[in-house]
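Read-outs throughout are calculated quantities, based only on the coordinates presented, and are distinct from any laboratory measurement. As the structure is a computational prediction, the values presented were derived from the model and not from experiment. Reconstructed Cβ throughout: ideal geometry from the backbone, glycine too, with neighbour counts over all protein chains shown.
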Amino acid sequence: MNADREEDPLQALARLVRDQRAALAGLARREGLSAEDALDCVHDAFCTFLQRASGGDLPPAEEQAALLAGIVVNTGRNRRRRHYLARQHHAIDAVERPDDAPSIETLVAHAEECVRLRGCVNRLCKTQRSVVMMRLLEERPGEDVAAALGVTRGYVDVILHRAKASLLVCMMEGEE
């Protein structure tokens, strides 16, 4: 990337997802993964990419698609090995899907949103991140969260409200 015009990691990921999602899903499917495992594999690759981007450890923009492809292939092979999946490799177009099943594009777009949201959650301060994790992801009651953090229930609600506002702003930035 150019030093004078650095792209935000979330914007770089969004651009790559738009351009590469079908090809990445195809790569994962060619590694012998089911459609669901292929989606998980692509999602894991996006997470890895975002972590590397946040750490400033990315190759130039023209090499980023190849990096993502390599991550998908390796993740797919590792996933298959861990689960002892000895399946034939099938082209992504050869898979029959029910008519009401969401398309790969839809599933990958959903995975992209999840990756972006995870990146936004990671940007929150420690207290906000803890409240979001406990209240929204673990679905713990506000009283339990307040006790765990040593604050009042009302303050947990305030922290959660502010965190949601920050997450909304962060998610809206990535859509521009």
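Structure summary
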item	result
In Hz, Karplus ³J(HN,Hα) per residue of region 109-119 (6.51, -1.76, 1.60; θ = phi - 60°; x = Gly, Pro)	4, 5, 4, 4, 4, 4, 5, 4, 5, 4, x
Where labels lie 7 Å past Cα in the beta-carbon direction, separation of ALA23 and GLU143 in nm	5.5 nm
Karplus-derived HN-Hα couplings along region 31-37 (A = 6.51, B = -1.76, C = 1.60, θ = phi - 60°), whole Hz, x at Gly and Pro	7, x, 8, 5, 4, 5, 5
Cβ-derived FRET efficiency at R0 25 Å, ALA109 paired with ARG52, nearest 0.05	0.70
Scattering curve values for region 124-176, log₁₀ I(q)/I(0), Debye with Cα scatterers, q = 0.13, 0.18 Å⁻¹	-0.30, -0.53
Among 39-47, 146-154, 55-63, the order from most to least packed when residues are scored by Cβ within 10 Å on average	39-47, 146-154, 55-63
Under 5 Å, built H, 5+ apart or other chain: amide partners of ARG140	ARG135
Peptides ranked, highest mean first, by Cβ atoms within 10 Å: ranges 158-167, 17-26	17-26, 158-167
FRET efficiency for GLN11 and MET133, using Cβ-Cβ distance with R0 set to 35 Å, rounded to 0.05	0.90
